[in-house]
1. Determine the sum of side-chain charges near Thr184: Lys and Arg each +1, Asp and Glu each -1, restricted to other residues whose C-beta is under 15 angstrom from that of Thr184.
2. Rank by packing, highest mean first: peptides 367-375, 238-246, with packing defined as the count of other Cβ atoms within 10 Å averaged across residues.
3. Take the alpha-carbon centre of region 398-459, take the same for region 137-157, and report the distance between them in whole Å.
4. Before anything else, pin down the relative contact order of region 309-476: Cα pairs under 8 Å, at least 6 apart, normalised by residue count, whole percent.
5. Taking P(r) over Cα pairs in 20 Å bins from 0, in percent straight from the coordinates, which label in (i) 17, 37, 31, 13, 2; (ii) 25, 59, 16, 0; (iii) 24, 49, 15, 7, 4, 0 is the correct one?
6. Remind me, relative contact order of the chain in percent, using alpha carbon pairs under 8 angstrom and six or more residues apart?
7. Could you list which residues have their amide H under 5 Å from that of Lys39, counting only those 5 or more apart in sequence or on another chain, with H placed in the peptide plane?
8. Can you give me the long-range amide H partners of Thr184? Hydrogens built in the peptide plane at 1.01 Å from N, cutoff under 5 Å, separation of 5 or more residues or another chain.
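Every number here is computed from the coordinates shown, using simple stated rules; none is lab data. Bear in mind the structure is a predicted one, so any value in this text is a computation, not a measurement. When we count neighbours, we look across all protein chains shown, and the Cβ atoms used for this are built from the backbone with ideal geometry, even at glycine.
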Amino acid sequence: MAQDPVLEDDLLTADSAAPDALPDDRIDDERHDEENRLKPRYISKVRDALDGGDKGTVYDLVEPLHPADIADLLEIFDKDERAALAASITDLMSSDVVAELNDHVREDMMEALAPVDVAAITEQLETDDAVQLLEDLDEADQKAIIAELEPETQAAVNSALAYPEETAGRLMNRHVMAAPEHMTVGDLIDYLRNEGDFEHDFFEVFVVDASFHPVGTCALNWILTTPRTVPLTDVMKRDQTLIPVTMDQEEVALMFQKYALISAAVVDESGRLVGQMTVDDIVHIIQEEAGEDALLLSGAGDGDINEPIKEAYSARVRWLIANLGTAVVASAIIAFFGAAIEALVALAVLMPIVASIGGNAGTQTMAVAVRAIATNQLTRANTWKIVWRELRVALLNGATVAVLIGIAAALLYEPMMGAVIALAMIINIVVAGMAGVLVPVIFERLKQDPAVASSVFVSMITDSMGFFAFLGLAVVSGLVPAT
């Protein structure tokens, strides 16, 4: 089939222009370093212009930046400076910039702006981004901003806010491309050309019945390569993944990962199509959940450098107090064997090694268990299989470390000391392995996040058992007299 000469010329023009295309503004030695981060010297220029009240210079410096870089700049500046910077670049404060802002910074910015200004930004956002913008604000601020929105946007935002946080109903995009099942491929193509809403990206068309229940999906490549007379019901894929509006975002992300989805329909309690989730939403969820679990394991709260000091203090201090309590338990065990330690100083030298190695072993296993629970790899069906697996790993690790520390202790002190610390090391690493699996599993069974407090209890168990096993064996073996 001969190619249209006009199209051929256009293709040639596009290809020939490609080598001379201008580079992306984000890759610029004046503003960015080799890792595409804003240079300190550039940031200082913006700050100096801002301090001098030179709004024109501030605007000229910021205007070439990508929205994500403008968001980075706002996050780098102090809270008081952000308002002044935003006032200097008002028309650059687009919805793309707001969508890229850190949650705490976004909240500060929204509180500093008038409701009508926030509403103007909200109107430009997808519904899921608009909800993310408004959900953390005070109820009074929310109502004031929503009142300034267009009726259609108001309805969408209020509908989304009615769902629990971190559910598909909050996060879904309500702009979906749907077609009735009685259409042919040609009917659908004509509809897309004449009436389709292409302001929003889509990867497939959802086919629905008369009650708006999704019955199948048509990928765009199927539509483009199928004869016009073929009914949609003959070409559509009937096996589809449907996401309930109340499903937790972490479960949604797991479904996308498990079934390699690009997009999926979201349905309400009656099974009607109400929105869609797309892979770009899932990338943000996975990043957020992974960071959240890592921070919860350490007890660091949000772990955000923009988090208010009072909130950071509150989130961290309670776990430090909990750790203090568990440390007291370990100290009590040491105190119980005080006479033995006084009789043989080597015990005081060696016992921190037992507790430290046990703690590390417990942390390793706990991290594996928490991740396995989060990704549905560890379930009720295979819990004891995983426990048995980790027990064998712990035995191998314990035996290896025990041989090394046992030989060293025997050479430095006496053979019996080597045997005692070797046996204590095996016991503690095995206990650490079991605690690392069972503590997260117990929290999960109790409907608690296993990442939240597992580390506190695992540390208590490994420290206490390490001291008890080592000092107890020293007494039982006759190395020191019984207390």
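1. That sum, taken over residues with Cβ under 15 Å, equals -2.
2. Top of the packing list down: 367-375, 238-246.
3. That distance is 54 Å.
4. 36 percent
5. Evaluating P(r) over Cα pairs in 20 Å bins from 0, in percent on these atoms matches (i).
6. Working: 603 pairs, mean separation 48.1, N = 483.
10 percent.
7. So Lys39 has HN proximity to His32, Asp33.
8. Leu232
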